[in-house]
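Only the coordinates and a few stated rules stand behind these numbers; no lab work does. Please read all numbers here as calculations on a predicted model, not as lab measurements. All Cβ positions, glycine included, derive from the backbone under ideal geometry; neighbour counts span all protein chains shown.
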C-alpha cells in the first residue's frame, strides 16, 4: 500500500496552526490504527491538537474516521427506539444503574456500552461486577437478546467498536493529552455513534470532581458533542450537571449498587433520584416515548422489575447479598455547625485509595471498598457526629485515604451550603 | 530505583505553560535515556516545548542534563588551546574541510566532531569519506593522537558522547519537533560542550537553504547558543551567515572535497575562501593565538600541508584521484541577462536527489554525485551558457533533480544580484 502522506507532514501542519485536510485526518487515524504511524508520532500530533485546537470540521471528520475504523451496531431488529445516556464521569455517579432499567420500564430500549474506572472516577462495569455472577462481556448477539427481553443492557464495548479510539485513549492517558475538548468529544461520540443509538443524552459533569472543573469549559464540551451527534443523525441533548460534591451517599462499587437499588425501590438520596428522573425524562421525550412518567415507574415497582430481569439476563443474582469490605474506619466531625462543602475530588481519591479504583489498566478493584457519607452540605452537624465510614479489605489503605480527606469537608457555625445547582445548563442542537 | 516523577506530570507542566523545575529536567532526560520514559511520552513533551517554549534556565539545565548523560572529553594532554567551529548546515557548505587544517597551521588545535547529512544539507563525514581510505570512526585515543600529530582531526562523535541527544535527535526527526530553538540549541551545544573544546565559533546559517530561513530567528538561535557555551565556560562567538545562495561552485561529496583542496592551494571560489578565513580568524583570536594570519597560511602551503597530514593520519590518500559520477547532464541558460538569484534550497534538493544525500539514516550516499555551478548571482550570462553540470551514477535521477532546479535561477536583463551579505550579524557574549 502506498501511503498518501508522511506522518511528519501531518504533525507539522497542526504544529504550524494549519487546518488538517479531510484526507489527512482520514489517513492518520487509519494509518495509526494499522500501525503505520507510530505511537511517538501520534502523541506529538495529539499534543499539537491539544495546544492548537481543531475546528468543527476537523473534529467531525476525526470522529468519523474513528467510527470508520471499526464496526457500527444496528438495532433495527428492535420494535422500539433506542435511547442512551453518557456521563463524563464523577464521584458517586451511579446514575446509569437505576436509569437504564427505569427508561426500559417506561418503553425505551437502552443499549448502554460502559467502561471501567481509571483514576478517581468509578466505572459502571466495576460497580455491576460486584453483583455475584454478573457478566460485563457479551457478544453482539447476546447484547441484542438482553435488550429485546429486558429493554436495557449494560455491557462492555466489543473490541470491534471504534478500535482507533481504544488505541488513542490508552496513548492519551500516558502522554498528558487527555484534557483536549476535540479529543474528548471525538472519543465519546465515536463510540456512541458507532453504538447505533438513535437518542443520546449527555450528562457533562463539572466542578472539582469532574474532568472539566470549569462550568464554561464543560458547556463548550457539551456543545461540541451535541453538534457531533446531531450531524451524525443521533438526537443529542446535554445537561451540564454538578460534580463539586459527590452524588448520593455512597462512593465505591457494591456500595453504589446498594444505593442504586434503593432508588429503584422508590427511595434513595434526593440528588440521585432527582437526576435519574431528569435524565430519564430527557431520554424518553427525545425518543418520543410518553407511555409512563419515570417518577411513577420508580414507585410502582416496574423499574425494579426491569433491573432484576436485566441483572439476571447477564448471569447476575439480584437477590444475592452484596460483598462487603473486611475493615471499616469512622471519620467524625471535629467541630459543630453547618456543613458548607464536601470536596468531590478528595472523596473520590480517598475511595480510589481504599481500593475501589485502579491506577493501571487491568488492575483488580475491591468490590466492597469505598465510602459511606453520613452528612452532606446544608446539614447541621455536631462535633463527634459521624461524617464518613471508610471501607476496605486492607487496613493499611486507611492512612492515605484519610490524607486525601483532609480539608474535604467545611463546617461553619451559621454557614450556608456553598455548592453548584444540580443542573447548570441544558443544551439542545 | 524509585522514580521521583511520573512522565505525565512533567509533560502536563509544560503543556500548561509552567516552567519545568531543574529536578524535572534532570529526571526526564535521564529517565528517557534509561528507557523509563517512553518515546511517545518524550515526543509529547517535545511538542509542548516546541509550542510553549523554555526559558534560559530551562534550556541551560536541559543542555547540562544531556551532557551528563554521557562522557566529557578532555584535551588537557595537548600543548595548545582547542578551538572548534560548528555550522548549522547549508548547501555547498564545505568550510570545515579547509578550515580545520588552516587553523591547525596557524597554531590552534581543532577537535572537530562532525555528522552525516540528512535531508538536503550535506554532511562533513560523507564528504571526507569520498577520499579513498579515509576513516570517520576513531577511538578517543586515536582522536587524541591525530590531534597531537596534525593539529586537527575531523571524525564521528563516539556513542558515549551525549547519548540523550542521539536518542532525542532521532525522535525529533520523525515527530516534526526539529524546529524549536531550545531543542536545536541544546542539541548542538550539549555535543560541543561534551567535546571539551575551549573555544567555539558558531556559523549559524540563514536564508532559504538553511534550517532557520529567517535572519531574526537565526540570530535568536545564535544568541541562545552563545549564552549556553559561555555559561559552560566555553569561549563562544557566533556569525549569522548567508545561505540563500549555495556556498562556492560545487555541491556534493567528492565535488566539495575538490573545491576545498583548491582553497587550501590558495585558490577556490571567493565566498568559500573569504568565509574560511573569517571563521579561522575568529577561532584563533578567541583562543588568543596570533602566530600567523590564515590568509598567509593558505598562500604559503602550510594549510595544505596540515590537510595532507590529517587525511593520511585517518587512513586517507590525499593523492588518490577523487571518485567521479558515471553520468553527467548539462543545464544551460534559457535567456540572457544578469543572474539575480540562485535558490540554495532548490540546488540542495537537486543534489540530494542526484544521490549526494540520504533520505533515511543509514542509507549510502554516492561519492561522485552532486552539482557543479558555472555562474553565480551577479554574473552576466548569455542564452545557452552552461549554468549547472549535474553528476550521478544513476541517469534515472536526472529527471527529479531537474524538477527541483526549476525556477532556481533568476536571470534579468539589466538586473542586479538580490542576495544576503555573506555575514549578517556577529554575536559575542
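Using the 10 angstrom Cβ neighbour count as an exposure proxy, how do A:153, A:178, B:204 rank, fewest first? Could the numbers behind the result be given before it?
Values: A:153 24, A:178 19, B:204 31.
Starting with the residue having the fewest Cβ neighbours, the order is A:178, A:153, B:204.
May I ask for the angle, rounded to the nearest 10°, between helix A:254-264 and the longest principal axis of chain A, with both axes built from Cα atoms and the value confined to 0 to 90°?
On a 0 to 90 degree scale, this one is about 80.
Going by how many other Cβ atoms sit within 10 Å of their own, how do B:237, B:172 line up, fewest first? Spell out each step's value before the answer.
Details: B:237 20, B:172 23.
Going from sparsest to densest Cβ surroundings: B:237, B:172.
Roughly what % of DSSP beta bridges within chain A run antiparallel, to the nearest 5? If you can, show how the numbers build up before the last one.
Values: 24 of 44 bridges.
Around 55 percent of the beta bridges assigned by DSSP in chain A are antiparallel ones.
Assign one of three labels to segment A:1-141, namely rounded, prolate or oblate, based on the Cα gyration tensor with a ≥ b ≥ c the square roots of its eigenvalues; rounded applies when a/c is under 1.5, prolate when it is not and a/b is larger than b/c, and oblate otherwise.
Working: a/c = 2.37, a/b = 1.95, b/c = 1.21.
The shape class here is prolate.
Which semi-axis lengths, in whole Å and largest first, follow from the square roots of five times the eigenvalues of the Cα gyration tensor of segment A:369-429? The partial results should precede the final answer.
On the way: eigenvalues 150, 79, 20 Å².
In descending order the semi-axes read 27, 20, 10 Å.
Summarise the partner chain shielding of A:174-186 as one whole number: the mean count of Cβ atoms from other chains within 10 Å of each residue's Cβ.
Values: counts 9, 14, 15, 8, 2, 3, 1, 0, 0, 0, 0, 0, 0.
Whole-number average of other-chain Cβ neighbours for A:174-186 is 4.
With a 10 Å cut-off between alpha carbons and a GNM built on chain B, which of B:52, B:208, B:64 moves the most?
B:52
For segment B:83-320, state the average projected area of the convex hull of the C-alpha atoms over all orientations, rounded to one decimal in nm².
Working: hull surface 45.6 nm².
For segment B:83-320, averaging the hull's shadow over all directions gives 11.4 nm².
Cut-off 10 angstrom, C-alpha nodes, Gaussian network model of chain A. Which of A:251, A:37, A:103 fluctuates the most?
Ranking A:251, A:37, A:103 by mean-square fluctuation puts A:37 first.
Nearest 5 percent is fine: what portion of the DSSP beta bridges confined to segment B:83-320 is antiparallel? Please report the intermediate quantities before stating the final value.
On the way: 1 of 20 bridges.
Beta bridges within segment B:83-320, antiparallel portion: roughly 5 percent.
So in the protein assembly as shown, what percent of DSSP beta bridges are antiparallel if you round to the nearest 5?
Beta bridges within the protein assembly as shown, antiparallel portion: roughly 55 percent.
What list do you get for A:75, B:307 if you sort them by fewest beta carbons within 10 Å?
Values: A:75 18, B:307 25.
Going from least to most buried by this count: A:75, B:307.
Mean-square fluctuation check for chain A, GNM, Cα pairs under 10 Å: which of A:76, A:312, A:60 is largest?
Most flexible of the set in this elastic network: A:76.
Quick check on packing: order B:125-138, B:337-350 by the mean number of other C-beta atoms within 10 Å, highest mean leading.
On the way: B:125-138: 19.9, B:337-350: 22.8.
Listed from highest to lowest mean packing, they are B:337-350, B:125-138.
Can you give me the angle between helix B:140-150 and the longest principal axis of chain B, using Cα atoms only, in degrees from 0 to 90, rounded to the nearest 10?
40
Between helix A:163-174 and chain A, what is the angle of the helix's C-alpha long axis to the longest principal axis, kept within 0 to 90° and rounded to the nearest 10?
Between the helix axis and the principal axis of chain A, the angle is about 60 degrees.
Divide, for chain A, the radius of gyration over alpha carbons by 2.2 N^0.38 Å, where N is the residue count. Working shown, then result.
On the way: Rg = 21.7 Å, N = 429, 2.2 N^0.38 = 22.0 Å.
Rounded to two decimals, the normalised Rg is 0.98.
Would you please report the Å³ per residue occupied by the convex hull of the alpha carbon atoms in the protein assembly as shown?
Details: hull volume 164.6 nm³, N = 858.
Dividing the Cα hull volume of the protein assembly as shown by its residues yields 192 Å³.
Mean separation of Cα pairs under 8 Å and 6+ residues apart, divided by the residue count of segment A:83-320: what relative contact order is that in percent?
Working: 440 pairs, mean separation 78.6, N = 238.
Relative CO of segment A:83-320 lands at 33 percent.
Restricting everything to alpha-carbon atoms, can you work out Rg to Rh for segment A:269-415 with a Kirkwood hydrodynamic radius? List each step's numbers first, then the result.
Details: Rg = 19.0 Å, Rh = 18.1 Å.
My calculation of the ratio gives 1.05.
How crowded by other chains is A:43-54, given as the mean number of beta carbons from other chains within 10 Å of each beta carbon?
Per residue, the average neighbour count from other chains is 6.
Nm distances between the label at residue A:288 and the same-position labels in the remaining copies, 7 Å along Cα→Cβ, shortest first?
Label point to label point, same position, other copies: 9.2 nm.
Let me have the relative contact order for chain A, percent, based on Cα pairs under 8 Å that are six or more residues apart.
Reported relative contact order: 20 percent.
Rg(Cα) of segment A:292-341 divided by 2.2 N^0.38 Å?
Numbers: Rg = 18.9 Å, N = 50, 2.2 N^0.38 = 9.7 Å.
So segment A:292-341 has a normalised radius of gyration of 1.94.
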